[in-house]
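Written out below as structure tokens is the structure these notes cover.
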Amino acid sequence: MSSVHDVAAYIIQELGPVTPPKLQKLLYYCQAWRLVCDGVPLFEDAIEARDFGPVVPEIYAIHQDDRNPLHGWPQGSSANLQSDEKALIGAVLGQYGTMTASQLSAMTHREDPWMRAYVAEHNAPIDHESLREFYAEQLEEALDLAERAKWDGTLTGAITYEDLAAELGW
């Protein structure tokens, strides 16, 4: 399992400068889709439902005073990620990477995992099962019947990350 810092470093490496709120939302979506695609977390750090959307406290502690785009990440290294992790992150960035932090935050506010966990001013955790279930439903809706027949809850052998991106219209 990778470090959330490795994932943050890779996101910034791939996208270039990114605002702290956007980084937080992209980490959330990377974690969600890894849980759907492989049944395991991408990183072990908790994600909390906060006022402006999902936040990884470990990452927030480092950039909480930054309002400018981040040009690099002081901890972790993208070199620590496995090729399948990079492929998943790449697919997520292909879908969500062009969106603004505000667009991503608005989207997370309309989705069940954040809505179920959110309690104003309490920083409630968003559990893995909630993420996996919600986004697995999104995937199943996107898959045609032939692909659905092959879907076993993971991408192992059934479909690839590239297939996932194509099926979801990414």
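How large is the accessible surface per residue of region 1-97, computed with a 1.4 Å probe and reported in Å² as a whole number?
Dividing the accessible area of region 1-97 by its residue count gives 40 Å².
When you count, for each residue, the other Cβ atoms within 10 Å and take the mean per peptide, how do 62-73, 113-124, 45-56 rank with the highest first?
Details: 62-73: 12.6, 113-124: 14.8, 45-56: 20.1.
Ranking the peptides 62-73, 113-124, 45-56 by packing returns 45-56, 113-124, 62-73.
Compute the Cα gyration tensor for region 1-116, then decide on rounded, prolate or oblate, letting a ≥ b ≥ c be the square roots of its eigenvalues: rounded whenever a/c is under 1.5, prolate when a/b is larger than b/c in the other cases, and oblate in all that remain.
It comes out rounded by the Cα gyration axes.
Mind running the shape call on region 55-95? Use the C-alpha gyration tensor, a ≥ b ≥ c as the square roots of the eigenvalues: rounded below 1.5 for a/c, prolate if a/b tops b/c, oblate otherwise.
In terms of gyration-tensor shape, prolate.
Could you tell me which residue out of 15, 5, 28 lies farthest along the dipole of region 1-53 toward its positive end? Charges go on the beta carbon: Lys and Arg +1, Asp and Glu -1, centred on the Cα centre.
Result: 15, furthest along the dipole toward the positive end.
The values are calculated or read from the model by the stated rules, or taken from the named source; none is laboratory data. Since the structure is predicted, the reported quantities are computational estimates derived from the model, not experimental observations. Note: ideal-geometry Cβ built from the backbone for every residue, glycine included; neighbour counts use all protein chains shown. Note: areas computed on protein heavy atoms with side chains; ligands, DNA, RNA excluded. Shrake-Rupley method; radii C 1.70, N 1.55, O 1.52, S 1.80 Å.
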